[in-house]
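This report concerns only the one structure given below.
The values are calculated or read from the model by the stated rules, or taken from the named source; none is laboratory data. Note that the structure is predicted; figures quoted are calculated from it, not measured. A quick note on method: Cβ atoms are made from the backbone with ideal geometry, for glycine too, and the neighbour counts reach across all protein chains shown. Surface accessibility is based on the protein's heavy atoms, side chains included, excluding ligands, DNA and RNA. Shrake-Rupley method; radii C 1.70, N 1.55, O 1.52, S 1.80 Å.
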Amino acid sequence: MYEGVVQDLIDELGHLPNIGPKSAQRIAFHLLQADPAEVRRLAEVLIRAKEQVRFCAICFNVAEQQECRICRDPRREPASLCVVEESKDVVAVEKTREFRGRYHVLGGAISPIDGVGPDDLRVKELLKRLADGAITEVILATDPNLEGEATATYLARLIKPMGLRVTRLASGLPVGGDLEYADEVTLGRAFEGRRQLDV
Amino acid sequence: MRVTHLSLADFRSYASLEIALQGGVTAFVGPNGQGKTNLVEAIGYIATLDSHRVATDQPLVRFGAPRAIVRANVEREGRTQLVEIELNPGGANRARLNRNPVPRPREVLGVLRTVLFAPEDLALVKGDPGERRRFLDELLVARWPRYAGVRADYDRVLKQRNTLLRTAAMARRNKTSGPNLTTLDAWDHHLAKVGGELVGARLALISALSPLVDKCYAEIAEGGATRIGYRSTLSPEPDPAVDVLTEQFLAALGQARANELDRGITLVGPHRDEMVLELTSSAGEAGLSAGLMPARGYASHGESWSYALALRLAAYDLLRSDGSEGGEPVLILDDVFAELDAKRRRRLAERVSGADQVLITAAVDADVPEQLIGQKFAVAGGLVSAA
Ligand SMILES: Nc1ncnc2c1ncn2[C@@H]1O[C@H](COP(=O)(O)OP(=O)(O)OP(=O)(O)O)[C@@H](O)[C@H]1O
Ligand SMILES: [Mg+2]
Ligand SMILES: [Zn+2]
């Protein structure tokens with residue numbers, strides 16, 4: 001334990017995802033030794049990002065306006081929708097340039113261990129978007145790990161009865177990983193080779 | 001296949017150790033508590049990423065040290081590979097193969113294959129069903145490393161599903177609103193898919209193993225017949241296809257659903273299955289046809305010991321007969337000879353003397369059968385020296 005504010009800093013950093021106590025300590029001391037101007041820039045951008053960035057009212061991707069760049073773009077195909085876990089996955093899929101439709105960001109994957117069920121994700125919002133019939137294909141691009149697979153299975157079972165084409169990315173993605181770790185070529189191929197889910 | 005060099009840093013009682021090993025028989029001899037088992041445990045760890053004595057890595061790291069490193073050169077078919085594993089009880093373990101980091105330690109499985117028999121193996125016969133499931137699954141992974149992934153997936157889905165069931169059961173008891181149970185079907189789907197694969201592989205393994213165990217047991221125990229079977233919560237027919245097992249698993253889950261929701265735990269599946277060991281009694285009245293009895297609860301101490309040894313030797317024979325896939329495993333016999341009478345010692349010695357590499361531990365020289373003299377090390381006070 002350190003004195004006062006130093007420990008506060010370590011504790012706050014330790015709340016961030018994938019930052020254990022050791023890393024939190026390392027980052028804290030890095031910041032304490034850094035140039036004050038650099039730390040100020042970081043603090044300011046944190047606050048600015050939090051104030052200015054919000055989530056797209058349609059797809060829940062990060063956005064600087066009411067709706068994100070992709071939802072506003074009229075050149076996007078309205079018939080296909082790609083469902084991903086996080087905004088960072090939108091970036092990964094965009095890099096492949098294989099997909100011309102729009103997105104839906106769930107905000108995670110179903111994982112009882114982490115206390116995450118369908119009601120904690122944007123599932124209701126997804127179903128509402130599908131209700132008007134404009135979307136005819138839903139691509140489930142959740143992560144290629146067990147939680148991502150279970151989420152895809154769950155969604156496919158909800159969506160299929162609505163008469164939509166439901167596909168999942170082809171295998172070949174590094175299993176157990178995050179979508180964002182797949183390189184563009186692999187992810188692009190997985191998109192091309194997507195297949196209908198039988199559930 | 002053989003280990004030609006072993007190097008330990010902060011593993012168990014060894015702050016640092018380097019030893020060169022040869023093929024054929026190697027004996028480690030020394031008084032109790034000097035570090036003989038620690039040595040062979042390290043070699044077993046490289047093959048299985050697991051200890052035969054403890055369930056967690058913490059006791060494998062030298063007391064007070066932050067991490068341990070185990071390295072071995074493994075020679076097979078004239079090629080040598082270097083496997084290195086760093087054990088970090090606080091965090092994630094890391095592994096390197098030929099000095100290149102691998103994404104997960106699991107990927108070094110299969111480079112070295114071992115079959116290890118140790119006094120703890122008595123639990124295979126006398127212990128809980130979990131001990132026998134572990135034996136089966138470890139042998140599966142040794143034969144086909146991809147089952148390490150199947151097993152890990154099964155455990156993970158099971159844990160997710162159990163958490164969901166438990167939270168639901170608790171909410172029901174407390175009359176609060178529980179989790180959304182509509183996801184249960186999705187978990188069932190995945191549990192049945194990987195579970196079906198696991199059960200299918202176990203069944204195939206048991207049919208291959210059963211006659212070998214019977215043969216090994218007859219050799220060691222001088223007569224007596226054994227049979228091993230699989231009692232499944234999915235009630236499979238003989239040799240079902242994996243998709244049939246998956247269907248059966250789904251049906252079993254459907255039947256158990258109400259009960260599972262009530263108890264908050266998954267009640268059917270390979271995690272509840274049992275490998276059943278049976279044997280004929282050698283004390284049966286002459287003339288009476290000897291029937292098969294369950295070994296657990298019925299077998300004598302000596303019979304249980306022989307049975308456990310027969311299971312390991314059969315595993316060794318099976319891996320050896322798989323042939324091409326990397327060659328003969330390394331056989332490790334920890335403290336086995338002290339328990340056997342002279343005749344059985346001789347038979348076991350004859351049986352294993354032709355192996356690519358056999359590593360033996362014994363407290364005294366007299367426990368090492370004459371037929372098995374090759375390289376010999378004295379183990380005392382943390383030092384391992386050629387004797
Ligand atoms: N993590 C550890 N750190 C330090 N010492 C350890 C650790 N784990 C075990 N030991 C020590 O190692 C010794 C046991 O070694 P080992 O089990 O290899 O003995 P052995 O030579 O096989 O003896 P036996 O003949 O009784 O089987 C014990 O003295 C124990 O205290
Ligand atoms: Mg020992
Ligand atoms: Zn949007």
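Would you pick out the residues in region A:98-152 that are of a type in the set (A, V, I, L, M) and in contact with a Lys or Arg (Cβ under 9 Å, 6 or more places away or on another chain)? Please lay out each step first, then the result.
Quick first cut of region A:98-152, residues of a type in the set (A, V, I, L, M) only: A:105-106, A:109-110, A:113, A:116, A:121, A:123, A:126-127, A:130-131, A:134-135, A:138-141, A:146, A:150, A:152.
Correct list: A:105, A:106, A:113, A:135, A:138, A:139, A:140, A:141, A:146, A:152.
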### Query
Looking at (1) part of a helix (DSSP H, G or I); (2) modelled with pLDDT of 95 or more; (3) aliphatic (A, V, I, L, M), can you tell me which one residue B:204 breaks?
(2)
### Task
Please specify each residue of region A:18-38 satisfying the condition of being open to solvent by 100 Å² or more (accessible area, probe 1.4 Å) and touching a helix residue (DSSP H, G or I) at 6+ places or on another chain (Cβ under 7 Å).
A:21
### Message
If I filter region B:161-176 for residues that are on the phi > 0 side of the Ramachandran plot and either among the hydrophobic types (A, V, I, L, M, F, W, C) or more than 14 Å from chain A (Cβ to nearest Cβ) (or both), do I get at least one hit?
### Response
yes
### Message
Among the residues of region B:12-32, are any touching a Leu at 6+ places or on another chain (Cβ under 9 Å), within 16 Å of ligand 1 (Cβ to nearest atom) and closer than 26 Å to residue B:146 by Cβ?
### Response
no
### Task
Report yes if some residue within region A:106-129 is open to solvent by 10 Å² or more (accessible area, probe 1.4 Å), over 18 Å from residue B:183 (Cα atoms) and at pLDDT below 95; otherwise report no.
no
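Go through region B:337-387 and tell me which strands (runs of 3 or more DSSP E), entirely inside it, have 2 or more residues that are farther than 12 Å from residue B:30 by Cα and touching a residue at least 12 places away in the same chain (Cβ under 8 Å).
Values: elements: B:357-362, B:375-380, B:383-386.
So the answer is B:357-362.
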### Query
What is the residue count in region B:91-136 for residues that are within 16 Å of ligand 2 (Cβ to nearest atom) and among the aromatic types (Phe, Trp, Tyr)?
1
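Select, from B:47, B:65, the only residue that is buried (at least 18 other Cβ atoms within 10 Å of the Cβ), more than 14 Å from chain A (Cβ to nearest Cβ) and either away from ligand 3 (no atom under 16 Å from the Cβ) or in a strand (DSSP E or B) (or both).
Numbers: B:65 fails: buried (at least 18 other Cβ atoms within 10 Å of the Cβ).
Going through B:47, B:65 in turn, the sole match is B:47.
Right, residue B:18: assigned to a strand (DSSP E or B), more than 16 Å from ligand 2 (Cβ to nearest atom), touching a Lys or Arg at 6+ places or on another chain (Cβ under 7 Å) and open to solvent by 40 Å² or more (accessible area, probe 1.4 Å) or not?
Answer is no for this residue.
Please tell me if residue A:75 is of a type in the set (Lys, Arg) and at pLDDT 95 or above. Reasoning before the result, please.
Values: of a type in the set (Lys, Arg): yes; at pLDDT 95 or above: yes.
Against the criterion (of a type in the set (Lys, Arg) and at pLDDT 95 or above), residue A:75 qualifies.
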### Task
Please note which strands (runs of 3 or more DSSP E) are completely contained in region A:94-199 and include at least 2 residues that are within 14 Å of chain B (Cβ to nearest Cβ).
A:165-168
